[in-house]
Amino acid sequence: MDAGQLAVIAGPNGSGKTTLLQALSGLSLLASGSRIYQGSSELSLWLKESHYLGHKLGNKGNLSCFENLQFVAQVNETSVTSSAISAVLEKAGLAGYEYQHANDLSAGQKKRLALSRLLLLNKIYWLLDEPFVNLDYAGCDWLYEIIEKHISQGGSVILTAHDQKKIHELAHHHITLEFPEEVHES
Amino acid sequence: MRFGALVKRDVLVSWRKKSNIYQPLVFQLLIVTMFPLGLGAGAQTLAKIAPAVVWILALLSTLITLENIFKDDYEDGSLDVYVLSGMSLPLAAFSKATAHWLTTGIPVMLFAPVIGVLMHLPEQSYGVLLLSLLLATPIFSLLGTVGSALIVNIKNGGMLLSVLIMPLLSPVLIFGAGAVLETTLGNSALGHLLLLLGCAVLALTLAPLAAAAAIKVNLE
Amino acid sequence: MNRLLKFYHELGSPPSFYRITSHWLKPMLILAIIFTLYGLIDGLFFAPEDYQQGDSYRIIFVHVPAAWMSMFIYAIVGISGIMAFVWRMKVAEAVMMASVPIGAIFTTITLLTGMLWGKPMWGTYWDWDARMTSELILLFLYIGVMGIYSAYDEDPRKAARLAALVAIIGLINLPIIRYSVYWWTSIHQGSSVSLMGESGIKDWAMLRPLLVMALATKFYYIHSMLCRAQSHLLKTEQDKNWVKLALTGERKDKTQGGNL
């Protein structure tokens, strides 16, 4: 896959979309480490440039939005100022919620908080498992926008989606998984 | 920096959810009340078993907290966040153990003298009691990360965790409770404490590796 | 040497492991039966009475071999656990998981016969002496390996890798546990009762049935472990072609069918 491209993985339930994405993220292959990225099977290199967002959002419920993002930045060894974190939250439509605990957000807002990690970390590859679920129209539009912007800046996005015509129009690659042929990562 | 970030986050999470911190202490109080009720309240009777009771309560009250070391993070997905951040897994396990020690190990250690008083533990034993728990509570936390990593996606894994961890902790109990017992008899506890120190060093070197291995298998 | 290496590699692949070991099952079972019968008859009727313990010492012909096996099998569990974890060998997983229940049974037999022996000897069924205590902890280690394996029943390979990890951790800890328990009894109970007595067994007529029974338990273990390992492999590899071939082939050849 080249820089600046979007791949959409589609397929019915149970066809292995999540498995494929997890394998790509490095979660499933942590132990064996048999992935090749830029000619190197070194996992850490890939982890440095990719970010995976799965069904489980990864927000800590009793930390505020600000603290959640601050932790993500620190654990990724990305130095960001607190005004940068606030700016990211504002872009994600969470302005004014900086000190709200993640537990107190609505489902859509939680999703936005998780997605805002993408803006915070500036990684090249985004791996998104069903990113549109739980988002309202405005949220979906916002997500299209940031994906489009990311691609135009040379980033790459791989995502799974059920029924999003608009994202398919945007996509460069369509990967359709059919039911009997489950994806076996080996 | 990653270490600090994870420890800080965990301490903050526990601090906000205070039950994490006080539950083990309440548990100790509840159980220690059972001893005079079941055994008779004679000071001498209680004093005789005090070293063992204080130590076993510290152990058991820590044990009930171990399951969640990795489980909460696994369930809300934040485990993925720091595992995929490129942080080395043994370091992540060590950070989790450190945070657990700060939020559970230290309170349990500081609360042990209270249980000692209730059990009529002789005065000369408190120094060694604190010292032995200072060496042992990190072992609880370190082995706890291993156990918690093993059962991270098992429902109701608490019982299994006990089965896995208790045999490993039996030497710690022997050396630790033994140290306190020696002081009640007026002997030196140095030998016991040194052996406990040895266990702590061993746990410090091996437990993060074992926990990392278990996490890897579980995320596959 | 080369042939040995080749043999080892062959044993590492499930189909050839299955094929090769199928020939071993019967001889091992026959040897186990013969040795057990000989050992028990020799031990119970021909070995001389102990001058202190009378006839009750004869339980050692079961107790001691079982105790040896309980530790020997844990060593095998640990070593095959290392092979299963590091090299992800399916055969090592099968050998490990097949050995665990047998080891647990031998540990239980050791504890029970120890208790039965304890009653006439010490006047109590249970004494927290070093051997019995560490044997009990060994039983907990076995239970832990079995527990983690059965908890992950939806994914047997993941379960086996985690069980292997638990077995390895146990293997590292076993010496520490044993040392600490022996040290603990040496402090708390100066006069721990030793089952074997200080003198040990010197008479050849007593030693002979003991050694025969030790061999009998080994043969039994090999037989039982291979049966279990084979069925473990058949179950985990059930989608593979060799399993179908092996099972349909066996139906034609009835001599093998009874062993599964």
For C:MET71, B:MET34, give me the order by solvent-accessible area with a 1.4 Å probe, most accessible first, ignoring ligands, DNA and RNA.
B:MET34, C:MET71
At a probe size of 1.4 Å, how large is the accessible area of B:VAL201, to the nearest 10 Å²?
80
Would you check the accessible area of C:LEU31, probe 1.4 Å, heavy atoms only, in square angstrom rounded to 10?
60
When a/c reaches 1.5 or more, the comparison of a/b and b/c decides; with that in mind, is the range B:2-219 rounded, prolate or oblate per its Cα gyration tensor?
prolate
Could you state the accessible area per residue of the protein assembly as shown in Å², with a 1.4 Å probe and every protein chain left in place?
45
To the nearest 10 Å², what's C:TRP184's accessible area with a 1.4 Å probe?
60
Pop a pseudo-label 7 angstrom from the Cα along the beta-carbon direction at both C:ASN241 and B:TRP15 and give the gap in nm to one decimal.
6.3
Over the range B:136-202, what number does the Rg to Rh ratio reach, with both radii from the alpha-carbon atoms and Rh per Kirkwood?
1.10
List, in the order given, every pair from B:LYS18/B:LYS71; A:LYS48/B:LYS17; B:LYS8/B:LYS71; A:LYS17/B:LYS216 whose Cα-Cα distance in the structure shown is over 29 Å.
A:LYS48/B:LYS17
Find the eigenvalues of the gyration tensor of the Cα atoms of the range A:79-130, then list the square roots of 5 times those eigenvalues as equivalent ellipsoid semi-axes, largest first, in whole angstrom.
18, 16, 8
When a/c reaches 1.5 or more, the comparison of a/b and b/c decides; with that in mind, is the protein assembly as shown rounded, prolate or oblate per its Cα gyration tensor?
oblate
As a test of reading the structure, rank B:ARG9, C:ARG208 by solvent-accessible area (1.4 Å probe, protein chains only), most first.
C:ARG208, B:ARG9
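The values are calculated or read from the model by the stated rules, or taken from the named source; none is laboratory data. Bear in mind that the values here come from a model prediction, so they are computed numbers and not experimental data. Neighbour counts are summed over all protein chains in view; Cβ atoms, including those assigned to glycine, are modelled from backbone coordinates with ideal geometry. Only protein heavy atoms, including side chains, enter the accessible area calculation; ligands, DNA and RNA are left aside. Shrake-Rupley method; radii C 1.70, N 1.55, O 1.52, S 1.80 Å.
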